[in-house]
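Worksheet for the structure shown next.
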Amino acid sequence: MFPQIRVCLVLALLSAPGLFGADFAMKVTDKNYLDTQGFSVFLYDSTYHPVFVDQKNTAMEMILHGQRVATNGDVRLMPTPEQWDLVASLKSRQADKENNRLTADLAFPTFDFRYTLEVAAEPGGVRVSIHLDKPLPQKLAGRAGFNLEFLPSIYMGKAYLVDGTRAGIFPRTPNDPMVKVLPLADEPKKAYYLEDWDKAKGYTQPLPFAQGKSITLGLDDALARITVKSDTADLMLFDGRNRAQNGWFVLRSLIPAGKTTGAIVWHIRPDVIPNWTRPPMIAHSQVGYAPGFSKVAVLELDPKYSGPKRATVLRLVEDGSYKQVFEGPITPSTPWLRYVYSKFDFTPVKDPGLYVIEYDGRRTAPFRIADDVYANIWQDSLDHHIAAQMDHVSVREGYRLWHGASHLDDGRLAPVLGEQFDGWNQATSMEGKYKGGDHIPGMNVGGWYDAGDFDLEEPAQLSVIQSLALAYREFHLDYDELSVDEAAREVEMHRPDGVPDTVQQVKHGALLILAQFHHIGHAIRGTHEPDLRQYTQLGDGASKTDGRIYDPKLAPNQVQGDYSGKPDDRWIFTSNNPFFQWNAIAALAAAADVMKGWDDAFAKDCLDTAIQAWNEEKAHPTAEGGVFGGAPAGASGGVLAASQGVVPGAAPTPPPPGSGHPDLGVGLDWAAALELTIATQGAEPYKSRLQELFSQVITPQHMEHHGWTAVRALPYLDASAKDQMRQAVKAYMAGLDKGLDATPFGVPPSLGTWGGSGAVVDMAIRMYFLHKAFPDLVGPEYTLRAVNYILGTHPVSSTSYVAGVGTVSKIQTYSNNRGDNSYIPGAVIPGYIIIKPDFPECIDDYGFLWFEDEAVVAGSASWVVAGNAAEAIIKESK
């Protein structure tokens, strides 16, 4: 009975008067995309990434009612292609304003297959056409088709209708029959690791779960309803999650043999709500505000939205009702990207309590006004996210085991030269007495999983050590809620053991760096999975390898004590460069300073190793090397924003050599000199090196990178240094506000392929230290503005970027538990990016877009510093 009722309801919806709205006409805008109120179509404003290829943000993309509902519209050779599968080469793209048409010329050169993808306006939507320059090559018949991918979080559990009669529901769990689809004989040869990955997965593809000439998606959702009709081949609806959890729903038509012009013709009819405008978004801190400081919300508005010019603040009182306590004007709107922005200043509200902001009938979630509002914003990052990322130990929380003791078989010297997946690269086949494939003993200690994957990125390790060492010393962090037993390889949350958690984490990181120097002789690129099958595995890190050292003399499934014949041990990439080496020295020196009094023998080992490495590096400098591969170091599943690779107190993660970055080659040993000066209480030659570099690092162009850390050097320099830095800070501040005013939020904009929250956290840290040293030049508002941005005062939505922190926060993140659509508390996501040319996006209810959602361990460590900085500013005012 129930399926029949559902079909009747769906058919009733279909026949309801006015269901699909009125026809509308789309126009090509000055930004070269098709647009009408409530619906936009982009065509190749972005291209596939040169390293990570398919990121779900290119080709034909559709934005309906403020949501990017579809992407990757183009010809593909598989029904549900994965990240590194073959894509067409873009030759050119055009925007024809006269005929309101977008076109892109593309090719698969290996198959001598060229075509034009055309998206043209027509009444009520767009016509999508594929025109071939000659008939489809026979070998591509049944393989080449036009794909358009739809976001699962929008359509899961929603209705669809095929040919007006056959109804269904988009599945929440993929469960379609799979068939084997072998590679084409002339398919371009892939990198060996991609070939191995395909073979390991069995070359399978799902069968479609719906097929017909017309399909309506999201039939029961007025904001996502779209009808697609094909004039040519059938439409087939696939579930890409059958192959990988990050797959999308794929609508596809095969290109028929023998046709050229109009080989594919689709008519896409979104049900655009007439005169639709995006509802106002009230961006505010989900944690709240301190009584005596600035309180400014930012209203993100549709340019066509007509609303009141005033907003109110209401207090939540004891009986559950809301009482208005403040009303004030909003500023005139200013445009940025596709929206306009107004500000609402409610600084006069100072009484402690719970409040909401109301604008035009919309209320925010409750937030606090209190003196201790920032007191608890960083602990989850330290004792959940960073703790859950700890490698080579088990991590327990009450009844829950976050993961077992992982990668106890680390590791083998990378046996393959050249670039590997994810931009990793091994430069040499020998490392001292070890040759490629050899086990390097002693490397199964310390370190943290970098991000949503499980590798040990060197810049991340160095960043976390220095960030937490800085936090411990600057803010006297004696916070202790974690039990760490390195000898037993056991960690437990919510179990104090008498040692500050920052101290234990600094030691955990330093164990790994010491192992590198003791067993290899220098800093390294890091430790990484040997194959994509292991790299893409989610869940418990301890399940990724068997924990036994690989012995090639044993059979594949043979076990002999601590050895096995299974070559699943991770690879150690020993390539080095001056950045790694100098920042490893800085990290060890910082660790030595922290560990004094807690583990003096360990502190001495750190300091002795740092000093020896300093002397060796000065005598025999490490050669420059392009060890970053296709992505900046620190990237995990995607390019890490440069600012998220910044080590507080050190230089940022460098871009590839030759990029023209202003910090390359300028004081790479600055952080090492600084930390060794502090750790040795002003000993030479480190103090003299600080003096020598000082004037270089405090110039305005370097202030945002490592110049600001010079305030920590002032106690060791002569009296004139502070006056010299004062003038440098004046010059820096003179141009700062102009740059920050480029967005309505007063923080660095997110302009890259990775969300920019890291740059904002860095701003919070940098401005705190400058404020502390020069309070008459740098006010506290910069740090608090940056922290409030992370906590919700940012574009797209007011969701806190710190998972689990704030009334409304991001709770689906690109962490290693993303397969469960979950999160690790305290993880700090990258945040919004701009889907080119002008659509800011950070999807709240989806966690599989690494560039928006992947929390890196270095980002969490930086947030510990920033959160404490905000709290310190409030305490200072008291």
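The values are calculated or read from the model by the stated rules, or taken from the named source; none is laboratory data. These numbers were taken from a predicted model, which means no experiment stands behind them. FYI the Cβ positions are ideal-geometry reconstructions off the backbone, even for glycines, and counts take in every protein chain you see. Only protein heavy atoms, including side chains, enter the accessible area calculation; ligands, DNA and RNA are left aside. Shrake-Rupley method; radii C 1.70, N 1.55, O 1.52, S 1.80 Å.
Side notes on the structure shown:
- Counting only DSSP H runs of at least 4 residues, each contributing -39500 (n - 2.57), and dividing by the residue count of the chain, the helix-based mean residue ellipticity at 222 nm comes to -7500 deg cm²/dmol.
- Built amide H within the under 5 Å cut-off of residue 550, gap 5+: 564, 569
- Within a straight-line Cα-Cα reach of under 16 Å, residue 259 can be paired with the following lysines, leaving aside sequence neighbours fewer than 8 residues apart in one chain: 134, 139.
- Heavy-atom accessible area with a 1.4 Å probe sorts 518, 476, 384, largest first, into 476, 518, 384.
- Estimated at 0.36 nm per residue, the fully extended path between residue 201 and residue 319 surpasses their Cα-Cα distance by 36.6 nm.
- Counting only heavy atoms of the protein chains and using a 1.4 Å probe, residue 173 has close to 100 Å² of accessible surface.
- Extents of the stretch 17-140, largest first, come to 47, 32, 29 Å (Cα atoms, principal axes, whole angstrom).
- Relative to the Cα centre, the charge distribution of the chain, modelled as +1 at Lys and Arg Cβ and -1 at Asp and Glu Cβ, gives a dipole magnitude of about 2400 debye.
- Ranked by solvent-accessible area (1.4 Å probe, protein heavy atoms only, all chains present), the residues 738, 343 order from largest to smallest as 738, 343.
- 0 to 90° range, to nearest 10: angle between helix 501-519 axis and the chain longest Cα axis: 80
- For the stretch 379-395, 3J(HN,Hα) computed residue by residue from phi via the Karplus equation (6.51, -1.76, 1.60; θ = phi - 60°) reads 5, 4, 5, 6, 9, 10, 5, 4, 5, 5, 8, 5, 8, 6, 9, 8, 10 Hz, glycine and proline entered as x.
- When 220, 383, 176, 562 are compared by accessible area of protein heavy atoms, the largest-first order is 562, 220, 176, 383, using a 1.4 Å probe.
- Rounded to whole Å, sorted largest first: equivalent-ellipsoid semi-axes of the stretch 413-542, Cα gyration tensor: 30, 17, 14
- Charges were assigned to the Cβ only: +1 to each Lys and Arg, -1 to each Asp and Glu. The resulting dipole of the stretch 272-365 about its Cα centre is roughly 260 debye.
- Set of aspartates and glutamates near residue 738 by C-alpha distance (under 20 Å), chain-local residues within fewer than 8 positions excluded: 704, 762, 776, 781
- Between the listed residues 289, 863, 254, the Cα displaced farthest toward the positive end of the dipole of the chain, a dipole computed from Cβ unit charges relative to the Cα centre, is found at 254.
- Note on the stretch 48-103: the alpha carbon radius of gyration divided by the globular reference 2.2 N^0.38 Å gives 1.29.
- Nearby aspartates and glutamates by direct alpha-carbon distance to residue 553 (threshold 13 angstrom, same-chain neighbours under 8 apart not counted): 438
- Charge dipole of the chain about the Cα centre (unit charges at C-beta), most positive-ward option of 557, 405, 136: 136
- Residue 139 accessible area, 1.4 Å probe, all protein chains in place, Å² to nearest 10: 100
- Cα Rg, Dmax (largest Cα-Cα span) when computed across the stretch 211-333, Å: 24.2, 74
- The mean sequence distance of close C-alpha pairs (under 8 Å, at least 6 residues apart), as a share of the length of the stretch 217-339, puts its relative contact order at 17 percent.
- The stretch 48-112 and the stretch 252-327: distance between their alpha carbon centers, rounded to Å: 27
- In degrees, nearest ten, helix 670-679 long axis to first principal axis of the chain (Cα): 40
- Crossing angle, helix 458-475 versus the chain [Cα axis fit, 0-90 degrees, rounded to tens]: 60
- The portion of the accessible surface of the stretch 325-435 made up by carbon and sulfur, rounded to a whole percent, is 52 (1.4 Å probe; DNA, RNA and ligands excluded).
- The relative contact order of the chain, computed from alpha carbon pairs under 8 Å that lie at least 6 residues apart in sequence, is 11 percent.
- Only Lys, Arg, Asp and Glu carry charge here, each on its Cβ (+1 for the first two, -1 for the last two); on that basis the stretch 697-806 has a dipole of about 100 debye about its Cα centre.
- For the stretch 473-562, applying the loop criterion from DSSP together with a ceiling of 13 other beta carbons within 10 Å to the GluC sites (Glu not before Pro) yields no site.
- The alpha carbon radius of gyration of the stretch 706-781, expressed as a multiple of 2.2 N^0.38 Å, is 1.21.
- For the cross-link pairs 309/772; 343/730; 56/309; 56/544, the ones whose C-alpha atoms lie over 32 Å apart are 309/772; 56/309.
- In this structure, the amide hydrogen of residue 434, modeled 1.01 Å from its nitrogen in the peptide plane, lies closer than 5 angstrom to no residue at least 5 positions away or on a different chain.
- Leading residue at positive end of dipole, the chain (Cβ point charges), from 794, 728, 159: 159
- The stretch 482-548 and the stretch 371-446 have Cα centres lying 5 Å from one another.
- Within the assembled protein chains, the solvent-accessible surface assigned to residue 596 is about 90 Å², based on a 1.4 Å probe.
- Ratio Rg/Rh, restricted to the chain and using Cα atoms, in which Rh is the Kirkwood radius: 0.98
- Phi-based couplings in Hz for the stretch 542-551 (Karplus 6.51, -1.76, 1.60; Gly and Pro marked x): 5, 8, 7, 10, 7, x, 10, 5, 5, 10
- Simple label model, 7 Å out from Cα along Cβ direction - residue 540 to residue 616, nm: 3.8
- Above 18 Å, the calculated P(r) of the stretch 759-878 contains 52 percent of its Cα-Cα pairs.
- The stretch 113-179 and the stretch 751-808: distance between their alpha carbon centers, rounded to Å: 41
- Net charge in the neighbourhood of residue 372 (other residues with Cβ under 10 Å of its Cβ; Lys, Arg +1, Asp, Glu -1) is 0.
- Whole-number percent relative contact order across the stretch 142-276, with pairs defined as alpha carbons under 8 Å at least 6 apart: 29
- Low-density loop positions, trypsin sites (Lys or Arg not before Pro), the stretch 352-422 - DSSP coil, at most 12 other Cβ in 10 Å: none
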